[in-house]
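Peer 1: Quick one: the structure is below, questions incoming.
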Amino acid sequence: MKKNLNIIKTLLKLTIILVCGISFGQSEIVGTVKSDITNEKPNGTIYLEINDGNKSKVDRISITDSLGVFQFKDLEPNKDYKIKIQMMGYDTQEFKVKTNDSVAKADLILKGTCGFVSLETAEKDWKKKKAKLYIVGGIAPIGNGKADSRFEKKYKIEYYDFGDTAPNMECIQVYNERIFELMDKKYGTEWRKKVRSDVEYLE
C-alpha cells in the first residue's frame, strides 16, 4: 500500500512538472510600434529588447518588420515583461506588457520631440513667410544652383540642408508635407517640376 502511494506521488510530481513544462513557452507577444508624430511606423530600424527582470532567463533582442510589427515567442504565461525600444531620433523608452495563455497584443507608441521642426512650426513659418524645405544631405551638403535660388525667390521659401546632423526624420516629414500642401494650395502643382529633387518626402 505504502509502495503504491509512493508511486502515485511520483506520478503526480511528474505530471505537474510535465504540465508546467508544456505551459511555459506557449505564450507570445505580438504588436506594432508607431510614432506619435505620424501615427505610422517610425523611419529606420527599431530595436526591441524584452526582459522579465531575470536576465539569465529572458533577455532577447528583436527588430520590427517594414510595417512596424514585432513578435516575441516562447514566453511564460501570465507574467509581466518589460519591452525596451531603442531607435535613432527617439529617447530609449520602456513598456510593460503582460502575457496571457496564448497571444498578447501590444501596440506601442513612441513619443518623439520635434522642437523647431514640427507641424506647428510649419504653420507659423508659412504665415511669417519664413517657410523652409528641409533636406538631409551628407557630410558635404550640396549648395543651391542658380535655378534653385530663383525658385526660393519666386516661391518665397528657403532650402535648408541639415547635412548629416538631422533631427527626428518624422518631424521633418510632417513639416515638409504640410509645406507641400500649402504650396499646392497657393501655387498649384507647377512648383513641383522645379523644386530640388533631394527635398525630403517629396513624391
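The values are calculated or read from the model by the stated rules, or taken from the named source; none is laboratory data. All figures in this text were calculated on a predicted structure; none of them were measured in a lab. Because the Cβ atoms are built from the backbone with ideal geometry, glycine has one as well, and the counts that use them run over all protein chains shown. Side chains included, ligands, DNA and RNA excluded: accessible areas come from the protein's heavy atoms. Shrake-Rupley method; radii C 1.70, N 1.55, O 1.52, S 1.80 Å.
Peer 1: Would you mind giving the average projected area, over all directions, of the Cα convex hull of the stretch 105-149 in nm² with one decimal?
Peer 2: Projected area, direction-averaged: 6.0 nm².
Peer 1: May I pose another question? Helix 169-187 versus the longest principal axis of the chain: what angle, 0 to 90°, nearest 10, using Cα atoms?
Peer 2: Roughly 40 degrees, rounded to the nearest 10.
Peer 1: Could you sort 80-86, 138-144, 175-181 so that the peptide with the highest average Cβ count within 10 Å comes first and the rest follow in order?
Peer 2: Numbers: 80-86: 16.4, 138-144: 11.0, 175-181: 19.6.
Descending mean neighbour count gives 175-181, 80-86, 138-144.
Peer 1: Same structure again: What's the whole-number percent of alpha carbon pairs in the stretch 35-132 lying beyond 24 angstrom? Before the final figure, lay out each step's value.
Peer 2: On the way: 1704 of 4753 pairs.
Tail of the P(r) past 24 Å holds 36 percent of the pairs.
Peer 1: Roll a 1.4 angstrom probe over the protein heavy atoms and tell me the percent of accessible area of the chain that is carbon or sulfur.
Peer 2: Here carbon and sulfur together make up 54 percent of the probe-accessible area.
Peer 1: Here's another thing I want to ask about it. Using only the alpha carbons of the chain, what is the convex hull's orientation-averaged projected area in square nanometres?
Peer 2: The orientation-averaged projected area of the Cα hull of the chain comes to 15.0 nm².
Peer 1: Pull up all non-local amide H partners of G112: gap of 5 or more, or a different chain, and H-to-H distance under 5 Å with H placed in the peptide plane.
Peer 2: Long-range HN contacts for G112: D36, I37.
Peer 1: How much of E123 can a 1.4 Å solvent probe reach, expressed as accessible area in Å² and rounded to 10?
Peer 2: 60 Å²
Peer 1: With θ taken as phi - 60° and the coefficients 6.51, -1.76 and 1.60, list the Karplus ³J(HN,Hα) couplings across the stretch 96-103 in order, rounded to whole Hz; mark glycine and proline as x.
Peer 2: Once θ is set to phi - 60°, the couplings for the stretch 96-103 become 9, 10, 9, 6, 10, 7, 9, 10 Hz.
Peer 1: Name the residues of the stretch 90-126 whose amide N is less than 11 Å from a point 7 angstrom out from the Cα of D36 along the C-beta direction?
Peer 2: 109-114
Peer 1: Shifting gears a bit: For the stretch 27-179, with every protein chain kept in place, what is the accessible area per residue (1.4 Å probe, Å²)?
Peer 2: Accessible area per residue: 57 Å².
Peer 1: Students often check this: by mean Cβ neighbours within 10 Å, which of 97-107, 27-37 ranks highest, and how do the rest follow?
Peer 2: 27-37, 97-107
Peer 1: I've got another one for you. Over the chain, what is the mean sequence separation of C-alpha contacts under 8 Å (at least six apart), divided by residue count, expressed as relative contact order in percent?
Peer 2: Once divided by the residue count of the chain, the mean separation gives 20 percent.
Peer 1: By the scheme Lys and Arg +1, Asp and Glu -1, what is the net charge of all other residues having a beta-carbon under 9 Å from that of F180?
Peer 2: -2
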